[in-house]
Amino acid sequence: MVLPHEPEFEQALHELETSLQPFITANPQYKKALEIVQVPERVIQFRVVWEDDQGIPQVNRGFRVQYNSALGPYKGGLRLHPSVNLSILKFLGFEQTFKNALTGLNMGGGKGGSDFDPKGKSDNEIRRFCVAFMSELFRHIGSDTDVPAGDIGTGAREIGYLFGAYRKLRNEFTGMLTGKGLSWGGSFIRPEATGYGLIYYVEHMIARACPEYSLSKPSTLVAISGSGNVAQYTALKVIELGATPLSLSDSKGSLIAEKGFTKEDVEKVAQLKLRGGALESLAGELGAGYTYYAGKRPWTLLPEVHIALPGATQNEVSKEEAEALVKAGVRIVAEGSNMGCTEEAIAVFEASRRSGPQGVWYAPGKASNCGGVAVSGLEMAQNSQRLNWSTSEVDAKLKSIMANAYEICYGAGEKWSGETQVDGVLPSLLGGANVAGFIKVADAMREQGDWW
């Protein structure tokens, strides 16, 4: 059923199938649900023709993978990046289905985007692309059907242009996108949600596994990859709590702060990224104690790390980098990105976890980074009520959602990991997240007649 030219999707499916083996062995009737859930309900692919600033027509490919609607409207971001293809979007939509299930909110799974690259484009070119993209996508989405959001390459500017195009095409003002501006239907905490939620999840992991590395301690050393929205707010929350973030990165290399990044440093990174700049240009400005490493990710650059938080893109931690993190003393690895670790890297972390109480505890992105889509779901709820909740209200709900997601993953990991529990060995959060998310989606599908 899986095509050989879909490596990212194959990887995501293999991870789920492996995690589910003990559960399927005990409950063989669910094997049919696994066969069905891996096939998207609908895949939409279309041409996007837009005009550049020289008046020359350009063409890109547009996609929307509507994966599963058993728990609610399709929900997932729109990625604008040259790497976008059907395999990547299928993997993201597949993961999104189970991630959304873990939030406890009524959201199905989907993902979309285009191989358009917003980097180096003018505001007018991006606006013209967004209008052209929405002129097809609007037929397939809506507040009770499919609610896209931002993702890599799709920030507040792009969401605004897309929303404006939809409003004109349909002549209606409705919450069919999330990540909107605060004055026209957006939610407080939405930009911060993935990074903040990641830290809220990690705090539960630390409390259970290694309280000596509390994020309230400056001596706790945190490695973060990426420098976009997720990485920035992850770093800011780490700084706010009192720990020390040592790294950020982008597609060209890594920036290491010997004594840790400050809030002012991260704000400079945010301004740089808004201008489309690279971290390399910032190293000199920050001065002594900051070192830029071209062509390298942070994981092999730090002699000591306690918490590692991949926050850039898929497969950004290799087996060799995972081994380097273990050697550096890492105790917690939690993904801010989707499928941030390769299968080989995960195997390294899981083997370390099984070795005893001083091993590495790994959390997959579908659990640890579900805060972003959770607050998107809260934005949808606010839109339905024509209300705006306060920052403190949304943040409290986010903390509660992440606590529940952690407990669900922990409990399912204990029950269905297929491991004999040894004293001091923590359950697999990877297995727990996959099993818990799958059971919730599969049961809803069965009750609605999608399998029997």
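Per 0.36 nm of contour for each residue apart, how much would the distance between TRP452 and ASN124 grow if the chain were fully extended, relative to their Cα-Cα spacing? Present the calculation step by step, with values, prior to reporting the outcome.
Working: separation 328, 0.36 × 328 = 118.08 nm, distance 5.13 nm.
Computed gain between TRP452 and ASN124 is 113.0 nm.
Please report, for the Cα atoms of the range 179-316, the Rg to one decimal and the Dmax as a whole number; what are they, in angstrom?
14.8, 47
At 1.4 Å probe size, with every protein chain present, just tell me what the per residue accessible area of the range 128-283 comes to in Å².
That works out to 40 Å² per residue.
If you average 1/r over all unlike Cα pairs in the chain and invert the result, what Kirkwood radius do you get in angstrom?
Values: mean 1/r = 0.0452 Å⁻¹.
One decimal place: 22.1 Å for the Kirkwood radius.
How long are the semi-axes of the equivalent ellipsoid of the range 48-115, taking √(5λ) for every eigenvalue λ of the Cα gyration tensor, in whole Å from largest down?
29, 11, 8
If every alpha-carbon in the range 1-50 counts as one equal scatterer, what log10 I(q)/I(0) does Debye give at q = 0.20, 0.23, 0.24, 0.26 1/Å?
-0.80, -0.95, -1.00, -1.08
For a quick check of your reading of the filter: which trypsin sites (Lys or Arg not before Pro) in the range 244-344 sit in a DSSP loop and have no more than 15 other Cβ atoms within 10 Å?
Numbers: sites: LYS252, LYS259, LYS263, LYS268, LYS273, ARG275, LYS296, LYS319, LYS327, ARG331; in loops: LYS252, LYS259, ARG275, LYS296, ARG331.
In loop regions of the range 244-344 (DSSP not H, G, I, E or B), the sparsely surrounded trypsin sites (Lys or Arg not before Pro) are LYS252, LYS259, ARG275, LYS296.
Which order do the peptides 390-400, 303-313 come out in when sorted by mean C-beta neighbours inside 10 angstrom, highest first?
303-313, 390-400
First check a/c for the range 270-386, with a ≥ b ≥ c the square roots of the eigenvalues of its C-alpha gyration tensor; if it is under 1.5, answer rounded, and if not, answer prolate when a/b is larger than b/c or oblate otherwise.
Values: a/c = 2.39, a/b = 1.11, b/c = 2.16.
Because a/c hits 1.5 or more and a/b fails to exceed b/c, the range 270-386 counts as oblate.
If you place +1 on the Cβ of every Lys and Arg, -1 on the Cβ of every Asp and Glu, and leave all else neutral, what size is the dipole of the range 128-286 about its Cα centre, to the nearest 20 Debye? All intermediate terms of the calculation are to be shown ahead of the outcome.
Details: 17 positive and 17 negative charges, 85 e Å.
Dipole magnitude for the range 128-286 comes out near 400 debye.
Would you work out what percent of the accessible area of the chain, with all protein chains in place, is carbon or sulfur (probe 1.4 Å)?
On the way: 9150 of 18130 Å².
Its accessible area is 50 percent carbon and sulfur atoms.
Taking the Cα centre of the range 16-70 as the origin, how large is its charge dipole in debye, to the nearest 20, when only Lys and Arg (+1) and Asp and Glu (-1) carry charge on their Cβ atoms?
Approximately 320 debye in magnitude.
Counting only other residues whose beta carbon sits under 12 Å from that of LYS99, what net charge do I get with K and R as +1, D and E as -1?
Net charge in that neighbourhood comes out at +2.
Test of the criteria: in the range 146-189, which chymotrypsin sites (Phe, Trp or Tyr not before Pro) are in a DSSP loop and have at most 14 other Cβ atoms within 10 angstrom of their Cβ?
On the way: sites: TYR161, PHE163, TYR166, PHE173, TRP184, PHE188; in loops: PHE173, PHE188.
The qualifying sites are PHE173.
Just the number please: accessible area per residue for the range 377-428, 1.4 Å probe, all protein chains included, in Å².
52
From the residues PHE63, TYR201, LEU309, which one has its Cα farthest along the dipole of the chain in the positive direction, the dipole being from +1 and -1 charges on Cβ of Lys/Arg and Asp/Glu about the Cα centre?
Going by the Cα projections, it comes out as PHE63.
Applying 1/(1 + (r/R0)^6) with R0 = 22 Å to the Cβ-Cβ distance of ARG167 and ARG47, what FRET efficiency is obtained, to the nearest 0.05?
Working from the Cβ atoms, E equals 0.45.
With the Cα gyration tensor of the range 369-452 giving a ≥ b ≥ c as the square roots of its eigenvalues, does the rule (a/c under 1.5 for rounded; else a/b larger than b/c for prolate; else oblate) give rounded, prolate or oblate?
Since a/c reaches 1.5 but b/c is at least a/b, the shape of the range 369-452 is classed as oblate.
Would you mind counting up the charge near PRO57? Only other residues with Cβ under 13 Å from its Cβ, with Lys and Arg at +1 and Asp and Glu at -1.
-2
With N denoting the number of residues in the range 108-262, provide Rg(C-alpha) divided by 2.2 N^0.38 Å, to two decimal places.
Cα-based Rg divided by the globular estimate yields 1.26.
Out of the range 351-390, which trypsin sites (Lys or Arg not before Pro) are coil in DSSP terms and have no more than 16 other C-beta atoms within 10 Å?
The qualifying sites are ARG386.
First select every other residue whose beta carbon is under 10 angstrom from the beta carbon of GLY160; then total the charges, Lys and Arg +1, Asp and Glu -1.
Values: positive: ARG127, ARG157, LYS180; negative: GLU158.
Here the charged neighbours net out to +2.
State which helices in the chain qualify, where a helix is a whole DSSP H run, it must extend 20 Å or more along its own axis by its Cα atoms, and its mean Kyte-Doolittle hydropathy must be at least -1.0.
Qualifying helices, which must be both long enough and hydrophobic enough, are 7-26, 86-103, 123-137, 156-170, 193-209, 371-385, 391-416, 429-447.
Using the Cα centre of the chain as the reference point, and only Cβ charges (+1 on K/R, -1 on D/E), how large is the resulting charge dipole? Debye, rounded to the nearest 20.
820
The values are calculated or read from the model by the stated rules, or taken from the named source; none is laboratory data. The structure displayed is predicted, hence computed values, not measured ones. Note that we place each Cβ from the backbone using ideal geometry, even for glycine, and neighbour counts take in every protein chain shown. Calculation scope for accessible area: heavy atoms of the full protein, side chains included, ligands and nucleic acids excluded. Shrake-Rupley method; radii C 1.70, N 1.55, O 1.52, S 1.80 Å.
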